[in-house]
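Worksheet for the structure shown next.
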Amino acid sequence: MLKQPILFFADKLPPLIGGMEMHAHYFIQHFKNHPNYKLEGVITKNTHGNDHLVTENENKEIKISDLGDLFQPRILFFNSGRWIEELEILSTIFRKSKFIYRTGGNEIIKATLYDHANLDHISRQQYWSKKINKHINLIVTNSQFTERRLSNIGITTPFFRCVGGANINIGQNKSMDHINNSKITMLCAARFVPYKNHSLLINVIQVLKKRGHDITLSLAGDGPLLPSIKELVKKMNLDSSIRFLGRLDNTDVSKEMAQSDIYIQLSSDHLTPVDQGSYLHCEGMGRSILEAISTGTFVIAGNSGALPEIIYGDRGILVDIDAPLKIADKIEPFLKKRISLDQITEYSWENLFSRYELMMKKVLSQ
C-alpha cells in the first residue's frame, strides 16, 4: 500500500489538557511514523489565532493559502472546527483530498464564528451546517447522542462513530486492598466549569460524611470555578476530606483513577449563553469516564448527554442531577458493597486508531 499523507488540523495541543488536546497528542504519536498513513504536518493556532505549521523540524507561522505549495495530502483531518470559515479555501487548494472532521458536537452546537460574528446564534449554526455538508466527507463522532444533536441542526454529512481514547496500561496493577478497607477513595478529574457541577458533588460528599462514611475525594483539574469550590470546601469544613490535585497530565490522572475505589462526576446538560442565543453543553462521550472504566474503576456519573451509552451493567451507575440528599440515597448502597471490576481494554488508543485506519482506507476508496 502506498503511503497516504495526512495533514492534521489541531486548534490546541499539549501541554494544554483536555479531550481535544489528548486526542491530538496520541493521534500525532500514532501517525507520525505510520507505514501507510503518514502524518506530514500539523496546523495549529497560536494565542493570537494565527495559523502555525508544526513538523518534526520546525514550528512557524504560515498562511493557509501557502499550504498547497508545501503539501499534497490525501487526507485533511480536523481535530477541531476552528477552520470552519477556511474550509472554502482549503477545498479549493486541496481539491483531490478527503476531508475528515472529528467532533464531540458541542463546538458545532455552540457555533462560534470570527469573520461572521455578526450573525445570530441560529444563523451561525446554519453556517456551520452548510459548510460541513459542503466540504467534509466524513464526521467522526463519539456517540449516538452526538449524531442526533448534529442531525437536528441540519448536518447531513455521513457519520463514523468511534468511541475510545484511553490509556489502558495504568490500571493493570490496580490494588484490591480497598475491598476490605472501610475508607473510600473517590476521584473526579474534570475542569471546574458549570456543567461539571463540582458544588453539587461537594454537597453530596458532606451528606455522606454526616452519615458516617469515611470518604476522601480527590479533585483533579483547573478552571474558572476552582477558587469558589475551594471556598465552599473550606466553608463546609471538608478540608481534611477533599484534596485538590491541580492540573495533572493524562498519565498521572490515570494513576489516580487506578488507585481510587470510585470515579465520580456529576455532569449535567447545561444551558450555556452565547451571543444572541444559548445552547445545551453536554457530555458527548466523557473521556475521563472512559479512562476510569478502562482502569477497572467503578463509576458514578450524572445521567446526561451520551453517558448512558458507556455506563451500563456493572461498570457503574447513573444518577439524576437532583438534590444532594437524593443523590446520596442512590449512591450509598454502592459504597457499602464495594464493587471490584476487571480492566476493560476496548477503549484503548490502539483500538481507536486501528478503526481510524480502516475508516481512512474506506474514505480514500470512494
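The values are calculated or read from the model by the stated rules, or taken from the named source; none is laboratory data. Just so it is clear, the model here is predicted, and its values are computed rather than measured. Backbone-built Cβ (ideal geometry, glycine too); neighbour counts: all protein chains shown.
General remarks:
- Apart from one condition, Ile327 fits all of (1) under 23 Å from Asn106 (Cβ atoms); (2) surrounded by 21 or more Cβ atoms within 10 Å (Cβ to Cβ); (3) among the hydrophobic types (A, V, I, L, M, F, W, C); the exception is (1).
- Some residue of the range 240-254 being without any contact (Cβ under 8 Å) to a residue 24 or more places away in the chain, part of a loop (DSSP other than H, G, I, E, B) and farther than 13 Å from Cys188 by Cβ: yes
- Enumerated helices (runs of 4 or more DSSP H) restricted to the range 78-138, each holding at least 1 residues that are among the acidic types (Asp, Glu): 87-93, 106-110
- Residues within the range 1-45 that are in contact with a strand residue (DSSP E or B) (Cβ under 8 Å, 6 or more places away or on another chain), without any contact (Cβ under 8 Å) to a residue 60 or more places away in the chain, among the aliphatic types (A, V, I, L, M) and not in a strand (DSSP E or B), tallied: 3
- For the range 5-39, residues that are surrounded by 19 or more Cβ atoms within 10 Å (Cβ to Cβ) and closer than 22 Å to Gly68 by Cα total 9.
- Candidates Ile311, Ile317, filtered to the one that is in the same structural domain as Leu201 (by TED's automatic domain parsing), under 23 Å from the mean Cα position of the chain (by Cα) and either at pLDDT below 90 or under 18 Å from Arg161 (Cα atoms) (or both): Ile311
- Every pair of residues 6+ apart whose Cβ atoms lie under 9 Å, when the first sits in the range 52-73 and is in the same structural domain as Met360 (by TED's automatic domain parsing) and surrounded by 10 or more Cβ atoms within 10 Å (Cβ to Cβ) while the second is part of a loop (DSSP other than H, G, I, E, B) and of a type in the set (Val, Ile, Thr): His52/Ile62; Leu53/Ile62; Leu70/Ile62
- Condition broken by Gly284, with the remaining ones in (1) part of a loop (DSSP other than H, G, I, E, B); (2) touching a residue at least 60 places away in the same chain (Cβ under 8 Å); (3) in the same structural domain as Asp214 (by TED's automatic domain parsing); (4) over 15 Å from the mean Cα position of the chain (by Cα) satisfied: (4)
- Of the residues screened, Tyr263 is one that is in contact with a Leu (Cβ under 9 Å, 6 or more places away or on another chain), farther than 30 Å from Asn118 by Cα and not in a loop (DSSP other than H, G, I, E, B).
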